Amino acid sequence: MNTLWVVIALVVGIAVGAGIFAIYNKSKERGGQNKADEIIRKAKHEASELVLNAKKEATKLTDQANREESERRKEWQKTEKRLTEREDALDKKLDQLDKRSEKLRQEETELEDLKGEIRDVRDKAQAKLEKIAGLTKEEAYDKLVKMVEKDTKKDLANLIIKQQNALNDSVDETVEAILLTAMERMSSEVTADRTVTSIKLPDDDMKGRIIGKEGRNIQALQHATGVDVLVDDTPGMVVLSSFDPIRRQVTRYALERLMKDGRINPASIEEAVAKAEREIEKEVVRAGEDAAREVGVIGIPREILHLLGELKFRTSYGQNVLLHSVEMAHMAGMIAEEIGADVNIAKTATLMHDMGKAVTHKIEGKHAEIGAELARKYGMDERIVHAIAAHHDDIEPTTPEAIIVKICDAVSAARPGARNVSAENFAERMRGLENVATSFPGIDKAYAISAGREIRVIVSPKAVDDLTALKLARDIANKIEATMQYPGVVKVNVIRETRAIEYAK
């Protein structure tokens with residue numbers, strides 16, 4: 001640093017000297033020697049001052065640099081001291097860890113030795129016990145398990161039966177009270193109307209007029225409605241065949257109007273069909289609105305009301321679907337009030353639960369899934385969507401309203417007279433229930449009774465014990481649910497009877 005300032009001073013001195021020399025030459029040229037000498041003296045004085053100031057500044061900077069360097073050295077020494085202290089602390093901790101590890105190794109060795117001694121004692125005791133009992137360890141274990149199983153099996157079965165009976169008593173009382181209250185308050189016709197798909201002819205001449213010359217009239221009617229019109233299959237009747245119930249009703253209305261008017265030709269057929277379509281459309285909308293009004297549900301989108309109105313012309317096993325839905329909605333509201341569920345959600349979901357049936361001939365899939373998708377499409381509450389999707393156990397019901405919809409559907413469909421089932425189908429279902437029950441081992445006989453609402457299974461007491469009988473009842477019920485279709489609930493009653501007979505001689 002001193003060298004730098006010396007160099008700076010020399011450079012300044014040289015520069016000053018050069019200036020003085022230049023001034024001197026100029027002064028000499030001007031002829032003023034004295035003046036030049038004076039100027040030279042002043043310049044030398046100024047140069048001396050500059051050099052002196054430069055030396056002072058260099059000394060000052062050098063002192064400052066020395067102080068800063070001293071401070072940095074002190075900081076480095078402090079840091080080095082801290083690092084040394086930490087290193088010493090780490091060394092102590094490592095020594096402690098080494099000592100602890102060594103102690104643990106010694107304890108592990110002692111523990112292993114102790115385990116070995118315990119194993120030797122246990123082996124000797126086991127050998128001694130086996131020698132005294134005359135049984136090996138495995139044989140003694142099997143014998144003990146069988147003894148415990150034999151002693152506890154009966155107690156376990158009795159405990160399960162006791163708990164089931166206690167639970168059923170408390171649940172049945174509440175359920176029966178709620179269902180009976182709802183069913184007593186909701187009284188409807190025992191049998192719902194069926195959709196009419198045939199029309200009686202007033203006379204045989206009318207059949208020819210319907211067919212028309214070379215079949216033009218019947219072809220025009222079928223073309224306008226999309227319904228097959230059969231006039232030769234049943235004497236005195238015209239049969240309408242179509243998967244679409246709305247089209248069948250349009251054809252029926254149009255044909256009745258044509259027979260009443262007497263003028264049957266392609267032009268009048270087209271006019272009658274157009275009028276019938278307008279009438280059916282009004283009737284469909286009115287039926288949906290009337291159903292919602294009767295149940296007391298508001299805010300249903302018009303598209304859903306239209307689908308509900310179409311259910312007026314749909315039947316399920318002879319039961320009118322719209323009347324079935326209205327009946328369910330009334331019962332659902334009563335049950336929801338009793339158990340504290342959302343009454344509006346329960347009523348709306350039950351009223352809409354079968355609306356998928358209105359379009360099952362147009363959309364593939366189960367009516368519960370279709371109905372849920374339609375409800376979601378038109379912005380219905382997600383609880384309503386879930387209840388519709390779960391009312392046939394396609395998914396697990398997880399809300400009180402969904403369970404209410406499922407219960408009301410079973411009650412409405414399963415009551416006597418609600419559905420028309422042929423004797424052949426009835427007998428086939430009875431045989432199916434009995435065959436499912438007899439497919440399990442240990443069963444002597446099985447009887448389907450109470451119109452298929454109960455299956456009584458008599459088991460062999462030697463092949464089936466009390467605990468197995470409980471499991472058997474559950475297995476039969478699961479198989480019935482998985483393999484059969486039936487309205488309502490089927491009760492599985494497994495009967496095990498042990499008779500002790502002795503003769504006094």
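Here V297 passes the criteria (1) closer than 20 Å to T399 by Cβ; (2) of a type in the set (A, V, I, L, M); (3) in contact with a strand residue (DSSP E or B) (Cβ under 9 Å, 6 or more places away or on another chain) except the one numbered (3). Within the range 391-413, does at least one residue satisfy the condition of being modelled with pLDDT under 85, within 20 Å of G356 (Cβ to Cβ) and in contact with an Asp or Glu (Cβ under 6 Å, 6 or more places away or on another chain)? Yes, the range 391-413 contains at least one residue that is modelled with pLDDT under 85, within 20 Å of G356 (Cβ to Cβ) and in contact with an Asp or Glu (Cβ under 6 Å, 6 or more places away or on another chain).
Hey, among the residues in the range 327-349 that are touching an Asp or Glu at 6+ places or on another chain (Cβ under 7 Å) and touching a residue at least 40 places away in the same chain (Cβ under 8 Å), which one's surrounded by the most Cβ atoms within 10 Å (Cβ to Cβ)? Result: A349.
Would you check which residues across the range 217-243 are crowded, with 19+ Cβ neighbours inside 10 Å, under 25 Å from K362 (Cβ atoms) and within 50 Å of the chain's Cα centre (by Cα) and list them? Listed by number, the residues that qualify are L221, A224, T225, V227, V229, L240, S242. The set of residues from the range 442-469 being more than 37 Å from the chain's Cα centre (by Cα) and either among the aromatic types (F, W, Y) or surrounded by fewer than 18 Cβ atoms within 10 Å (Cβ to Cβ) (or both) comprises G442, D444, K445, Y447, I449, I458, S460, P461, K462, A463, D465, D466.
Across the range 363-392, the number of residues qualifying as of a type in the set (D, E, K, R) and without any contact (Cβ under 8 Å) to a residue 24 or more places away in the chain comes to 5. Go through the residues of the range 65-86 one by one and say whether even a single one is touching a residue at least 60 places away in the same chain (Cβ under 8 Å) and out of contact with any Phe, Trp or Tyr (no Cβ under 6 Å at 6 or more places or on another chain). Within the range 65-86, one or more residues are touching a residue at least 60 places away in the same chain (Cβ under 8 Å) and out of contact with any Phe, Trp or Tyr (no Cβ under 6 Å at 6 or more places or on another chain).
The values are calculated or read from the model by the stated rules, or taken from the named source; none is laboratory data. All figures in this text were calculated on a predicted structure; none of them were measured in a lab. Note that we place each Cβ from the backbone using ideal geometry, even for glycine, and neighbour counts take in every protein chain shown.
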